[in-house]
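For reference, the structure discussed in these notes is given below.
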Amino acid sequence: MDSMAKDSIYDVIIVGARVAGSSLAYELSKKGMRVLLLEKGMFPSDTLSTHNFFNNAVAGLREMGVLDRLLESGAPLYKRAHVQFEDAVIDGDYPVVNGEANCLCVRRTHLDQTLFEHAASQVGVTALLGFRVTGVVTENGAVCGVTGSHKDGRTETFRGRLVVGADGRRSAVREMVKSERKICVPTEFASFVGYFEDYRQEGETCVEFYKQGDKLAIVFPTSDGLAVVGLMYPLEDQAWTDRFTKDAETAFIELAGEAFPQLSFPQRLAQARLHGSVKGLLGYDNDWWDGMGPGWALLGDAMSFKDPAVGQGMYDAMTGSRVLADILASHPDWPSSWDRMREAYNGTMEAKTITRFGMACLYTKNMPFTPEQTAVNHLIGAHPEAARAFLGMYNYANEPHDLERLIGELLQGQGA
């Protein structure tokens, strides 16, 4: 950690030191900026999330220099996805991106501490744990610092040219600066997650995704010999909510069995052992917020939270860090450039990530497959090139319109 004096004025104060905040601190250090990285919690610690990196994001971890240490957590590399929509099976490998073939899902207890320690070791970065930000300082209409308290109750004020809220889905900084919400699509699902020991997969290590009727399940192999399993059911189903409230562990196993009786997934889950407790969310919003204003910016889930079923949070956090760092470095006179930087940041993040946000908004709705979509799912599963194009939407190997074009060509070939 840098030994910069506490009364220094930093270039950037980052509130939140998990994936988004630590990635940004690393990127800003490479630009020669003075950074204060603040985190209200302590590491190692866990947090509820989809902590998967598709291979496009794994390439970023390698570039950052943390991949080898993350692999020490025991998280297995994988290339394959097994997806089943009703009776249509899509099974294949994710397309290679930037020379990277493997995906990786690292538990937050390992991931966040590794990224924080790596960021804190960079030149120009001062990192502080156990500091809760309670307010922002403003001068002449622009944010110029934060106030908060240490774990021992001491209060302190830090000054900076820019304050970045990288403090998650319920961002306190976002509320303090009164960012405007641009998009809000409420989910129609409750989502519960558990970690399981001795979960047996069939064939090569892979991510599993199932949709049967109005229920969803997703499985990622992760650190410490565990699998992280997520189950989703409609929020309107009060009976299941009551069962989870009474006994979440029992309800979790029973939901898998009742929702997916024709699959091997429930039996394999029942034979595994729960590690820790089942946690969940009874609803959440897919949000997109204004990302910047005078003296402040938002990053990661604080700017855009999306349904965890699409697994895009890690990539978006790392991408946003690079985008924001580049924009800040290319505008040396920040006080006269807030409007231009805001337009560049919002526009670039929209161009890079809005399509996957749209995918998340589709997943978050409890909509049954139409007969036409069911036929398309079977078509994708029957053609390896279509399966690769489908999976390539998740790691940015191609765009949704590429899959649509390929499906059109396949239908034409069938005389449809």
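For segment 106-135, the tally of residues that are assigned to a strand (DSSP E or B) and within 17 Å of Gly65 (Cα to Cα) stands at 1.
Residues being among the hydrophobic types (A, V, I, L, M, F, W, C), modelled with pLDDT of 95 or more, touching a helix residue (DSSP H, G or I) at 6+ places or on another chain (Cβ under 8 Å) and not in a helix (DSSP H, G or I): count how many of those fall in segment 1-37. The qualifying residues number 7.
Screening Trp334 with (1) on the phi > 0 side of the Ramachandran plot; (2) modelled with pLDDT of 95 or more gives one miss only, at (1). Tell me, yes or no, whether segment 312-332 has at least one residue that is crowded, with 21+ Cβ neighbours inside 10 Å, outside any helix (DSSP H, G or I) and under 10 Å from the mean Cα position of the chain (by Cα). There is at least one residue in segment 312-332 that is crowded, with 21+ Cβ neighbours inside 10 Å, outside any helix (DSSP H, G or I) and under 10 Å from the mean Cα position of the chain (by Cα).
Going through (1) modelled with pLDDT under 95; (2) in contact with a helix residue (DSSP H, G or I) (Cβ under 9 Å, 6 or more places away or on another chain) one by one, Thr134 falls short only on (1). For residues in segment 138-161 being of a type in the set (Asp, Glu) and assigned to a strand (DSSP E or B), which is farthest from Leu216 (Cα to Cα)? By that ranking, first place goes to Glu139.
For segment 162-190, enumerate the residues that are in contact with a helix residue (DSSP H, G or I) (Cβ under 6 Å, 6 or more places away or on another chain), charged (D, E, K, R) and not in a helix (DSSP H, G or I). Hits for segment 162-190 are Asp167, Arg169. Across segment 231-250, what is the number of residues that are surrounded by fewer than 20 Cβ atoms within 10 Å (Cβ to Cβ) and part of a strand (DSSP E or B)? The total comes to 1. Given the criteria free of Cβ contacts under 8 Å to residues at least 60 places away in the same chain and under 20 Å from Tyr195 (Cβ atoms), does Leu48 qualify? Taking the combined requirement at face value, the residue does not satisfy it.
Restricting Ala217, Ala190, Ala166 to residues that are surrounded by 19 or more Cβ atoms within 10 Å (Cβ to Cβ) and within 26 Å of Ala25 (Cβ to Cβ) narrows the list to Ala166.
Quick check: is even one residue across segment 293-303 of a type in the set (D, E, K, R) and over 25 Å from Gly392 (Cα atoms)?
No, the conditions are met nowhere in segment 293-303.
In segment 360-416, of all residues being among the aliphatic types (A, V, I, L, M) and not in a helix (DSSP H, G or I), the one that is farthest from Leu235 (Cα to Cα) corresponds to Ala416.
Test Gln84 against the criterion of being closer than 19 Å to Gly392 by Cβ, in contact with a Phe, Trp or Tyr (Cβ under 9 Å, 6 or more places away or on another chain) and not aromatic (Phe, Trp, Tyr), and give yes or no. For Gln84, the condition - closer than 19 Å to Gly392 by Cβ, in contact with a Phe, Trp or Tyr (Cβ under 9 Å, 6 or more places away or on another chain) and not aromatic (Phe, Trp, Tyr) - is met.
Table: residues versus (1) without any contact (Cβ under 8 Å) to a residue 24 or more places away in the chain; (2) among the aromatic types (Phe, Trp, Tyr); (3) in contact with a strand residue (DSSP E or B) (Cβ under 6 Å, 6 or more places away or on another chain).
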residue: Leu269; (1), (2), (3): no, no, no
residue: His275; (1), (2), (3): no, no, yes
residue: Leu281; (1), (2), (3): no, no, yes
residue: Asp285; (1), (2), (3): no, no, yes
residue: Asp290; (1), (2), (3): no, no, no
residue: Gly300; (1), (2), (3): no, no, no
residue: Tyr315; (1), (2), (3): no, yes, no
residue: Met318; (1), (2), (3): no, no, no
residue: Ala325; (1), (2), (3): no, no, no
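Of all positions in segment 211-221, at least one carries a residue that is touching a Gly at 6+ places or on another chain (Cβ under 6 Å) and touching a residue at least 24 places away in the same chain (Cβ under 8 Å).
For Asp287, the stated conditions do not hold, so it cannot be described as at pLDDT 95 or above and part of a helix (DSSP H, G or I).
Restricting attention to segment 251-284 and to residues that are at pLDDT below 95 and outside any strand (DSSP E or B), the residue that is surrounded by the most Cβ atoms within 10 Å (Cβ to Cβ) turns out to be Tyr284.
The values are calculated or read from the model by the stated rules, or taken from the named source; none is laboratory data. These numbers were taken from a predicted model, which means no experiment stands behind them. Cβ sites come from the backbone with ideal geometry, for glycine too, and all protein chains shown count toward neighbours.
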